[in-house]
Amino acid sequence: MIEKIVRPERKLSGSWLEVIASNLDYHRATFLWKCAGLSEDQLRQRPLPSSELTLLGLMRHVQGVERYWFQRRLAAKTPRFFPYRSYVTATGDEWFDEADPTPAKDVYADYLAACAESREVFATVTENLTRIVPNPEFGDTDVRFILEHVIEEYARHVGHADLLREAIDGATGE
């Protein structure tokens, strides 16, 4: 399914947007690198006894991060979310159901499509970095905050993916 991933070089200097865009692509590729070479069963494996977390579940989540923040919040569009099975918690939060039967290859294709959609609107939605964006999660924010938050999401979930991968097959790496 996910074969060899080559992570792009990050820009260490340049405009703020060039650095942010290159860091986003680096984290996207790092996440896929953590999933590369695993079977469908391994991507669905819950290697931590106290957790529902799987690599495939993280992939479903980060496609939602891409579409929610870039399409819905920054571009003010209604994104097309794949109809993954979800459930509502006792506190009213909606979470992806890890028993969702969508094949891993379809989740992977959906994730790649979500990233491509984000890249397509990036230049337009970042024309005015001080533009205030309505944000029910944090309160109204500017565009820079949202871009940094997406990187924060990736940083957190790449860390999760790193731990899951090591528990699945012992593979480690930056």
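The values are calculated or read from the model by the stated rules, or taken from the named source; none is laboratory data. Quantities reported herein were computed from a predicted structural model and do not represent experimental measurements. Using ideal geometry, Cβ is built from the backbone for each residue, glycine included, and neighbour counts are taken over all protein chains shown.
Scanning segment 2-24 for residues that are in a loop (DSSP other than H, G, I, E, B) and among the charged types (D, E, K, R), which turns out farthest from residue 165 (Cα to Cα)?
Restricting to residues being in a loop (DSSP other than H, G, I, E, B) and among the charged types (D, E, K, R), the top hit is 11.
Among the listed residues 46, 28, identify the single one that is more than 22 Å from residue 86 (Cα to Cα) and not small (Gly, Ala, Ser). Show your work before the answer.
On the way: 46 fails: more than 22 Å from residue 86 (Cα to Cα).
Just one listed residue meets the conditions, 28.
Restricting attention to segment 124-138, which residues are out of contact with any helix residue (DSSP H, G or I) (no Cβ under 6 Å at 6 or more places or on another chain) and either at pLDDT 95 or above or hydroxyl-bearing (Ser, Thr, Tyr) (or both)?
Narrowing segment 124-138 to residues out of contact with any helix residue (DSSP H, G or I) (no Cβ under 6 Å at 6 or more places or on another chain): 124, 127-128, 130, 132, 134-138.
Result: 124, 127, 128, 130, 132.
Looking at 89, 30, can you tell me which residue is over 16 Å from residue 162 (Cβ atoms), of a type in the set (Ser, Thr, Tyr) and out of contact with any Ser or Thr (no Cβ under 6 Å at 6 or more places or on another chain)?
89
Restricting attention to segment 62-86, which residues are part of a helix (DSSP H, G or I) and in contact with a helix residue (DSSP H, G or I) (Cβ under 7 Å, 6 or more places away or on another chain)?
62, 63, 65, 66, 67, 69, 70, 71, 73, 74
State which residue pairs qualify: first residue under 13 Å from residue 25 (Cα atoms) and inside segment 99-121, second residue in a helix (DSSP H, G or I) and basic (Lys, Arg) in any location, beta carbons under 6 Å apart, and separation of 6 or more residues or different chains.
Note: pairs meeting the criteria are 114/67; 115/28.
Going through segment 38-73 one residue at a time, which ones are farther than 19 Å from residue 135 by Cα and either of a type in the set (Ser, Thr, Tyr) or without any contact (Cβ under 8 Å) to a residue 24 or more places away in the chain (or both)?
Scanning segment 38-73 gives 39, 41, 49, 50, 51, 54.
Being within 18 Å of residue 26 (Cα to Cα) and either buried (at least 18 other Cβ atoms within 10 Å of the Cβ) or of a type in the set (Gly, Ala, Ser) (or both) narrows it down to one residue among 150, 143; which is it? Explain how you work it out, then say what you get.
Working: 143 fails: within 18 Å of residue 26 (Cα to Cα).
Only one candidate qualifies: 150.
Before we move on, is residue 167 of a type in the set (Gly, Ala, Ser) and in contact with a helix residue (DSSP H, G or I) (Cβ under 9 Å, 6 or more places away or on another chain)?
The answer is no for residue 167.
Quick check on my filter: what residues within segment 82-120 are surrounded by 15 or more Cβ atoms within 10 Å (Cβ to Cβ), over 13 Å from the mean Cα position of the chain (by Cα) and aliphatic (A, V, I, L, M)?
104
Could you say whether any residue in segment 30-53 is among the β-branched types (Val, Ile, Thr), in contact with a helix residue (DSSP H, G or I) (Cβ under 7 Å, 6 or more places away or on another chain), part of a loop (DSSP other than H, G, I, E, B) and on the phi < 0 side of the Ramachandran plot?
No, segment 30-53 has no match at all.
Could you give me the residue pairs with C-beta distances under 7 Å whose first residue belongs to segment 21-36 and is more than 11 Å from residue 158 (Cα to Cα), whose second residue is among the β-branched types (Val, Ile, Thr) and at pLDDT below 95 wherever it lies, and which are 6+ apart or on separate chains?
36/2; 36/5
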